[in-house]
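Following: one structure in structure tokens, then a few remarks.
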Amino acid sequence: MLTEKYSLPLENKKMPKPKLKLGFYGITGCAGCLLSVIFNEDEILDLIQLVDLKAFPFIKEVNPDEQFDYVFMEGLVADKGDLEELEKLRQNTRYIVSLGACACTGCVPAYRQFTLKENYEHLLYRKQKEVEDIQPTPIDAHVKVDYYIPGCPPDKREIVTFIKNIAIGKEPKPYENPVCVECRKNGNQCLLDLGKPCLGPITAGGCNSVCINGNFECWGCRGPTKDMNLPLMIKILKEKGFDDKFIQDRMRTFAGLKLPMLEQFFNVKVNVKC
Ligand code: SF4
Ligand code: SF4
Ligand code: SF4
């Protein structure tokens, strides 16, 4: 005969929900995005209580055979090893989060696609022949990506908010407005009006216009907005006196692979000898 305790229906017992299993990984990149996670000094210990942190370079053993709910991936695919690791992790996780500009757009390392080899060859490691080089590309060129946290590096508060949201089952929402919206709210003088080549109007915000707050123009590290007006941005920059090469070069620095339509607006192509 069952005791009262054991005869309770299952749904009446309060079972604690298992914590989400998270893994952080890095392929070709500089580790700056991963450091943005750790540098949440005030909140990192609280965050670790909310989730089950299974893998994190420098902190926990990195085991790509683990099964995850979310894998946060820093870096872009630049060699065969990157691709193999990414594909394996994709198989072992429910969701992949593209963490930072390298993973989201290809960032500065992908600029190699827009210049000649002779411009950078001398900068490569001597052991370059041992690396099975492939065209540098963001991770969504190879696997399905579920969420994007852009930026070089990403805003650390955005990472915290993302993790807190998924921990309570709330769908994370990307910031949709261009950088100009936050810039105006912050009361900055417009750098375009001062003749500086700011890409804020076509760049996704969410960084609190940090560069313009410090009097530096936006270079577009968070990638283009979905509804950007690229022809108007180019027209404005041309009217300010910037030439075709400069504009293409600037727009391609962080997000060139996400602007494949750029060439149609120019007579001069950038991928020439520097
Ligand atoms: S996005 Fe920036 S900070 Fe992150 S890995 Fe790439 S270069 Fe480093
Ligand atoms: S400074 Fe740049 S981001 Fe700010 S309003 Fe002007 S164009 Fe937009
Ligand atoms: S202002 Fe532009 S370049 Fe600076 S962090 Fe924001 S998106 Fe990146």
One residue is enough: does the stretch 76-83 have a residue meeting the conditions open to solvent by 80 Å² or more (accessible area, probe 1.4 Å) and without any contact (Cβ under 8 Å) to a residue 40 or more places away in the chain? no
Report, ordered by the first and then the second residue, all pairs with beta carbons closer than 8 Å, sequence separation of six or more or different chains, a first member in the stretch 34-62 that is more than 16 Å from ligand 3 (Cβ to nearest atom), and a second member that is of a type in the set (D, E) and part of a loop (DSSP other than H, G, I, E, B). K54/E66; A55/E61; A55/E66
Considering every residue within the stretch 33-52, establish whether at least one is surrounded by 14 or more Cβ atoms within 10 Å (Cβ to Cβ), within 14 Å of I139 (Cβ to Cβ) and within 16 Å of the chain's Cα centre (by Cα). yes
Please enumerate the residues belonging to the stretch 188-201 that are out of contact with any helix residue (DSSP H, G or I) (no Cβ under 6 Å at 6 or more places or on another chain), open to solvent by 30 Å² or more (accessible area, probe 1.4 Å) and within 10 Å of ligand 2 (Cβ to nearest atom). Q189, C190, D193, L194, K196
Residues being within 18 Å of I163 (Cα to Cα) and acidic (D, E) - total across the stretch 34-90: 7
Give the number of residues within the stretch 242-251 that are in a helix (DSSP H, G or I) and either open to solvent by 10 Å² or more (accessible area, probe 1.4 Å) or aromatic (F, W, Y) (or both). 5
Members of the stretch 84-100 that are within 18 Å of V51 (Cβ to Cβ) and either open to solvent by less than 50 Å² (accessible area, probe 1.4 Å) or hydroxyl-bearing (S, T, Y) (or both): L89, N92, T93, Y95, I96, V97, L99
Suppose we filter the stretch 53-63 for residues that are more than 22 Å from P153 (Cβ to Cβ) and crowded, with 17+ Cβ neighbours inside 10 Å; how many remain? 1
Among the residues of the stretch 107-118, is any within 16 Å of ligand 2 (Cβ to nearest atom) and either open to solvent by less than 20 Å² (accessible area, probe 1.4 Å) or at pLDDT below 95 (or both)? no
Within the stretch 202-241, of all residues that are of a type in the set (V, I, T) and open to solvent by less than 60 Å² (accessible area, probe 1.4 Å), the one farthest from ligand 2 (Cβ to nearest atom) is I234
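The values are calculated or read from the model by the stated rules, or taken from the named source; none is laboratory data. Remember, predicted model here, so these are calculated numbers, not experimental data. We place every Cβ from the backbone using ideal geometry, glycine too, and count neighbours over all the protein chains shown. Surface accessibility is based on the protein's heavy atoms, side chains included, excluding ligands, DNA and RNA. Shrake-Rupley method; radii C 1.70, N 1.55, O 1.52, S 1.80 Å.
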